[in-house]
Amino acid sequence: MWCTVANAYGSVQPQLRERRSAGIVRSREVKLTRRATQIWNWLPAFRAVAEAEHLPTASKEVNLSPSALSRSVKLLEEDLGVDLFVREGRALELTEAGRRLLGASRSAMRAVESALDQVLSSEGAGDVHIAAPGPYSSVFVLPALRRLRAAFPELVAHLSSASAARGERMLAEGALDIAVVDRVEDPAKVRVTKLGELSYSIYAGADHPLTGQLEVTTEDVLAHPFVGAPDHLVDHWPPHLQRRLGMVVEQLHVAVQACAVDGMLAVLPDVVAAAYLGEGVLLRLPVDLIPPQPLYAISRRAAAEPKRINLVLTAIVQTFEDIKRGTTRRSTVPPARSTVRPPPMLDRSFGSPRAPRELGLETIQDDDKAASGS
């Protein structure tokens, strides 16, 4: 009998432990929820001070007195029992705990703001913040906005330029809605829409000595200086080939101009070179060293993003497709010599660019049969 009771008690013990464990977890969740509710009102003041790291500047941004901001931050620190700032005179610097809380505050507030925006605003009204290199804005973003303007006149686009890494940080901070980039730093943290692939070529200005040659070899181009990108950016030059840099620039449109008028060779997307309307002429050299490269549009992974962001993203995808098909109007400069081949604007071995299914679009598919039949 004692054996039977012991066995029965032994079979009940795991269930009791599971119930105690579940009860502890629920109790902890309830306590954390109450704690978050308690400190929520102090978070806007903390975020303003943390982002400015200067009380007078933060007070102007949120229209509160420096003393009120300081008091809110102090109450928050006392409630949490940790220092969120290192104070040296008037200077403020976030501690590790402060940096973690700032990141969480940004994400939480952005989610609430996006939900309110979606509930209170119409589908196509409001601001959309877009980042793209200058030439990509002209080629892809502006035509996309143009096609939306008549139907959504209250849509206000804010255009800027940002690298891939900075664009992802701005997306996480809520300062950006869409970024057009040629590489994705951390695909797990953003929603990635592959627009398609761009072909790249080596270009020279009309007065460059290589434009007078009927044939151009790899050795020929390596003998002349290039305008290139700094180490933290890429222009897709093959890394196994050692070229000579005569100029290093961060902005793509500056590289385009340096190539056209300053005697530098440059690796450029063919679609960007064809749309160039500035001083000088860009000529594509008949040497193929750079394979096609992908182009992406990235946005936040959020369930409650305003619908207007999806509208703009869809328009950018459609614009890319139109350019690939040659149905948009672009001003181009014809080659000065018949021996200089006109650039293949986009790599046509890839299917029509579409965005992911969760955005109301589809993913890019490589359709060899469709390509061979066209």
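The values are calculated or read from the model by the stated rules, or taken from the named source; none is laboratory data. Just so we're clear, the structure is a prediction, and the values are computed from it rather than from any experiment. Because the Cβ atoms are built from the backbone with ideal geometry, glycine has one as well, and the counts that use them run over all protein chains shown.
Here is how the numbers come out for the structure above:
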item: Some residue of segment 159-173 being touching a strand residue (DSSP E or B) at 6+ places or on another chain (Cβ under 7 Å), more than 27 Å from PRO230 (Cβ to Cβ) and not aromatic (Phe, Trp, Tyr); result: no
item: Subset of segment 174-212 [of a type in the set (Lys, Arg) and within 24 Å of GLY228 (Cα to Cα)]; result: ARG183
item: Checklist (1) surrounded by 14 or more Cβ atoms within 10 Å (Cβ to Cβ); (2) over 24 Å from LEU159 (Cα atoms); (3) modelled with pLDDT under 85 applied to GLU88, failing item; result: (1)
item: Only listed residue being surrounded by 19 or more Cβ atoms within 10 Å (Cβ to Cβ), small (Gly, Ala, Ser) and not assigned by TED's automatic domain parsing to the domain that holds GLU250, chosen from ALA172, ALA131, ALA104, ALA165; result: ALA131
item: All strands (runs of 3 or more DSSP E) inside segment 80-188 with 1 or more residues being within 26 Å of LYS307 (Cβ to Cβ); result: 126-131, 155-160, 178-181
item: Residue within segment 75-84 that is within 34 Å of the chain's Cα centre (by Cα) and modelled with pLDDT under 85 present; result: no
item: Single match in LEU252, LEU265 (criterion: over 17 Å from PRO133 (Cβ atoms), not assigned by TED's automatic domain parsing to the domain that holds PHE320 and not basic (Lys, Arg)); result: LEU265
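A quick yes/no check of all residues on (1) in contact (Cβ under 8 Å) with a residue 40 or more places away in the chain; (2) surrounded by fewer than 16 Cβ atoms within 10 Å (Cβ to Cβ); (3) among the charged types (D, E, K, R):
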{"position": "GLY278", "(1), (2), (3)": "no, yes, no"}
{"position": "VAL281", "(1), (2), (3)": "yes, no, no"}
{"position": "ILE290", "(1), (2), (3)": "yes, no, no"}
{"position": "ARG300", "(1), (2), (3)": "yes, no, yes"}
{"position": "GLU305", "(1), (2), (3)": "yes, no, yes"}
{"position": "THR314", "(1), (2), (3)": "yes, no, no"}
